[in-house]
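Right, one structure below, let's go through it.
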Ligand SMILES: *Cc1c(COP(=O)(O)O)cnc(C)c1O
């Protein structure tokens, strides 16, 4: 990943018909290297939800080239495109119904998490019928009361898995947990994670007693990887960090780079008088004579309506306020009276979101404006953007 090849150059962007979503894989590469350096264990690149909206295959391939050795996804349906793309790295899928397509998972060498006896039995059956050995990761709930086995069910699950291992139907290659309160700063993390760490240590001990010797034990996601070394075990599962999101806002995370850029052409500019109501409900009235620029992207494209009245975009190198309500397909920007940098013209590109190096808004800023998590911003971007990938 040495040369940065732009699929669409700035001049191509000028003639492109509409809004563009550009993914910068060099940022993913940098983030992967930094996260790999931050953990004492290995690194699983979590590319669920289409790689947090950045393109699962692109993010996976980039992460594998820069220090990740595993891939992780939520459902099996998210695993197939990675195998279709020719990625052969170990791949784990951790959230599936009991009647999921375990047979295809076996055939395509996808590891599966097992959170219950019912799941184990279904996986064993698929393994027996296909004459293969399933690679499983036993999943212990470490405090979310969500997915994973409840502690009361864990020792029996471990013993059943050991019996299935003895019969040759499964191989328990991993134990996994997930922390409920890791999204915090480095000072609070050790305390916040203490119950989850203890639960996982307990789970490892019970698995050992049952005779299991799994080589992989993974608990930490991005936050804990950056802030709490006691959670690292043999591997971290990193999703948000790959695309520059630091859920805990830790100091270490400040060194992660945003990998997304959103831009859109000005469709129209009009001069308006003071007191002009803008958009649905006239939630904004111009305070002076000014110019309004129209951009063809809205909440159906993932620009949260709740950011109305707060969001800004970069136009002609200056921050300009988004005024009135963000609509489904469009938003309006107050570009002033021309005194400050001149009035933009139709066809000029507005930068709605980026890594922040040119003064443009970041994912974190859109999240703050809209009351969303950065994760929600990047995974909610909609299908209408013309995608570009800078490799
Ligand atoms: C999403 C997810 C991860 C990755 O978390 P990030 O905070 O995005 O790094 C890890 N493990 C599980 C079980 C997840 O659902």
Taking segment 337-356 only, how many residues are over 19 Å from residue 296 (Cα atoms) and either crowded, with 19+ Cβ neighbours inside 10 Å or at pLDDT below 95 (or both)? 6
Cβ-Cβ below 6 Å, separation at least six or inter-chain, first residue in segment 176-187 and within 20 Å of residue 146 (Cα to Cα), second part of a loop (DSSP other than H, G, I, E, B) and more than 11 Å from the ligand (Cβ to nearest atom): which pairs? 180/143
So residue 181 passes all but one of these: (1) more than 16 Å from the ligand (Cβ to nearest atom); (2) surrounded by fewer than 20 Cβ atoms within 10 Å (Cβ to Cβ). Which condition number does it fail? (1)
Checking residue 319 against (1) in a strand (DSSP E or B); (2) surrounded by 23 or more Cβ atoms within 10 Å (Cβ to Cβ), the condition it does not meet: (2)
Tell me, please, whether a residue that is at positive phi and either under 26 Å from the mean Cα position of the chain (by Cα) or touching a residue at least 40 places away in the same chain (Cβ under 8 Å) (or both) can be found in segment 160-171. no
Looking only at segment 327-359, count how many residues are in a loop (DSSP other than H, G, I, E, B) and under 16 Å from residue 268 (Cα atoms). 12
Residue count for segment 119-159, restricted to those that are within 13 Å of the ligand (Cβ to nearest atom) and in contact with a strand residue (DSSP E or B) (Cβ under 8 Å, 6 or more places away or on another chain): 7
Just to be sure, is residue 292 more than 16 Å from the ligand (Cβ to nearest atom) and at negative phi? yes
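The values are calculated or read from the model by the stated rules, or taken from the named source; none is laboratory data. Here the structure is a predicted model, which means the values were calculated and not measured. As a convention, Cβ positions derive from the backbone with ideal geometry for all residues, glycine included, and neighbour counts pool all protein chains shown.
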